[in-house]
Amino acid sequence: MKKKTYQKKFKILSNRKIKGSYFKLTLIAPEIAFLARPGQFVMAQVNGNAYEPLLRRPLSIHAVKKDNIEILYETLGQGTEILSMKSPAEFLDLIGPLGNGFNLTPETHNLTPILVAGGIGVAPLVFLAQKLRPGKTLALIGARTKESLLCEKEFKELDCDVKIATDDGSKGFRGRVTDLLKLNLTPSTYNLTPIIYACGPEPMLEVCARIAAQYGIEAFGSFEAHMACGIGACMGCAIKIEDQPAGKDNFVYKRVCKDGPVFGLNQIIWRKD
C-alpha cells in the first residue's frame, strides 16, 4: 500500500535558537502531523524561488504536538544557515512524511526501550519517546560537553529515565554514550528485556550493533545520509544490507531515504567489513 505524503507550503510558527548552532523550527502542518511516525522525515526547500542551494534538505521530525511539527536542526552549511533565518509567519515548502520509521508493535511495547542518542541524533528520538509507555524508557544522551547537550529536559518531561554522557566529563558519565549503554545492560537493572533504539553518527551505531549482538538484544538505528531526492529515485543514499538468509557473503543495497532511515542494526554490513 502506497504511503501518503504531502508537498505543500506550511506556515512557520517559530524558529528559535536553542543553543550554539542548534535551532528548533515549529510549523503548522496538520497533514504531516497526522500521518507522521517516529523516525520519518521531511524534505525542505529552504531557498524559496532561488537556485542556491538547489536541493532540498532532509530534516527529521523531532516532535508532533497537535497540528504542529517540530524540527531540531544544526546549522552546518548553506542550506541550514538559510533555514535559520526564516521568520514566523513565513512559509516553508515541505515534502513529507517520508521514509520508514521505528516499527512499534504490541510485542515491542512489552520490552524496555533504551534510547541511545549521539549529538543531533536526539532529534527523532524525542518523537519516539512520545509514543512509548511513560515511565518505562531509559534515554541515554551523549554529547561532547555539557554546553552541547540537547533535549535532557524534553526526555524528562516525557517521563524517561535520563542519563548523560559527555566526552570531557563536564556532565554525567565521562566517556562515550555507548560506554554508558554497556553500564546499563545488567540483568539487575530491568525486569523486562531491553530493546535499543539509536540515532547518531555511523560509528556510534556500529558500536551499538556490536553491543546488541554481544547481549542478544534487538537494536534499531536511524541513519543519516546525504539525500538528493528523499524518495528513492536517485539511489544516492544506498547502504549495504545483508541479503537474508545468505548473510554477509551476499548483500543488497537499500536506500536510506526510501527503505530507511531506520534499519535493524544486525542487518548492516559496516564499511570496514
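Before moving on, here are some points about what is shown:
- The stretch 66-84 residues that are in contact (Cβ under 8 Å) with a residue 24 or more places away in the chain and surrounded by fewer than 18 Cβ atoms within 10 Å (Cβ to Cβ), paired with ones that are of a type in the set (Val, Ile, Thr) and assigned to a helix (DSSP H, G or I) (beta carbon under 7 Å, 6 or more apart): GLU74/THR80; GLU74/ILE120
- Any hit, the stretch 170-187, residues being assigned by TED's automatic domain parsing to the domain that holds PRO261, polar (S, T, N, Q), within 22 Å of LEU125 (Cα to Cα) and at pLDDT 80 or above: yes
- Matching option when the condition is touching a helix residue (DSSP H, G or I) at 6+ places or on another chain (Cβ under 9 Å), hydroxyl-bearing (Ser, Thr, Tyr) and touching a residue at least 60 places away in the same chain (Cβ under 8 Å), among SER170, SER148: SER148
- Against the test of being under 20 Å from PRO124 (Cβ atoms), aromatic (Phe, Trp, Tyr) and modelled with pLDDT under 95, the options PHE223, PHE155 yield a single qualifying residue, PHE223.
- Picking from residues in the stretch 10-61 that are of a type in the set (S, T, N, Q), buried (at least 19 other Cβ atoms within 10 Å of the Cβ) and in contact with a helix residue (DSSP H, G or I) (Cβ under 9 Å, 6 or more places away or on another chain), the one that is nearest to GLY99 (Cα to Cα) is GLN40.
- Qualifying residue in the stretch 144-154 (condition: exposed (fewer than 14 other Cβ atoms within 10 Å of the Cβ), more than 18 Å from THR112 (Cα to Cα), β-branched (Val, Ile, Thr) and in the same structural domain as VAL262 (by TED's automatic domain parsing)): yes
The values are calculated or read from the model by the stated rules, or taken from the named source; none is laboratory data. Everything numeric in this text was worked out from a predicted model, so none of it was measured. Neighbour counts are summed over all protein chains in view; Cβ atoms, including those assigned to glycine, are modelled from backbone coordinates with ideal geometry.
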